[in-house]
Amino acid sequence: MIAKTGSHRNLIAGLHDTLAAAASFLLAMMIRLGEDFDFSIEYVQTGLPLFTLTAIGVFFYMRPYRGSWHYASMRDMMLIAKTATLIVLIFSLMMFFVTRMDAMPRSGLVISWLLLLVTLGGSRFTYRAFRDRSLFAMPADHKAARIPVILIGA
């Protein structure tokens, strides 16, 4: 059976969001630890799968992948902010119960939250900007069609 186009797009968006979540956790730990970063560190080995699974669960609950990226709006950005916040909070609790967060840098969670906002929201708004062609300068022929207007008053 052939899948509907919308469900195909949702699957691709969901995969993108999952990969973005995993990448944001790794990048946050790399930024926080600098030269001390090592993939064999216990909280990276435990945290990466746990963070990714937490993100998948929250994505299924919040469904940020369902909206069309062509019409990304501030409402979508608020949903992404809520989703990222929920992911980090749930992950923090789970990591506390699993490892008591021993030796895990707490600032990595804040960095991860910020990177989640950038990767999830930025990719949607970049797609919209390219799709609307708003990243490019207005062509010369559109400038000639403009009508000068003076607005007086409130």
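The values are calculated or read from the model by the stated rules, or taken from the named source; none is laboratory data. Here the structure is a predicted model, which is why all the values come from computation and not from measurement. Just so you know, the surface numbers come from the protein's heavy atoms only, side chains and all, with ligands and any DNA or RNA stripped out. Shrake-Rupley method; radii C 1.70, N 1.55, O 1.52, S 1.80 Å.
Could you state the orientation-averaged shadow area of the convex hull built on the Cα atoms of the chain, in nm² to one decimal?
15.3
Assign one of three labels to segment 32-71, namely rounded, prolate or oblate, based on the Cα gyration tensor with a ≥ b ≥ c the square roots of its eigenvalues; rounded applies when a/c is under 1.5, prolate when it is not and a/b is larger than b/c, and oblate otherwise. Because a/c hits 1.5 or more and a/b fails to exceed b/c, segment 32-71 counts as oblate. With 10 Å bins beginning at zero, the pair-distance distribution over Cα atoms of segment 72-134 amounts to 21, 41, 23, 12, 3 %. With contacts taken as Cα pairs under 8 Å and at least 6 residues apart, the chain reaches a relative contact order of 31 percent.
Roughly to the nearest percent, how much of the accessible area of segment 71-120 is carbon and sulfur, given a 1.4 Å probe? Each step should come with its number before you reach the end.
Details: 2150 of 2830 Å².
Heavy-atom surface of segment 71-120 belonging to carbon and sulfur, 1.4 Å probe: 76 percent.
Seen against the Cα atoms of the chain and their longest principal axis, helix 5-33 is set at about 60 degrees.
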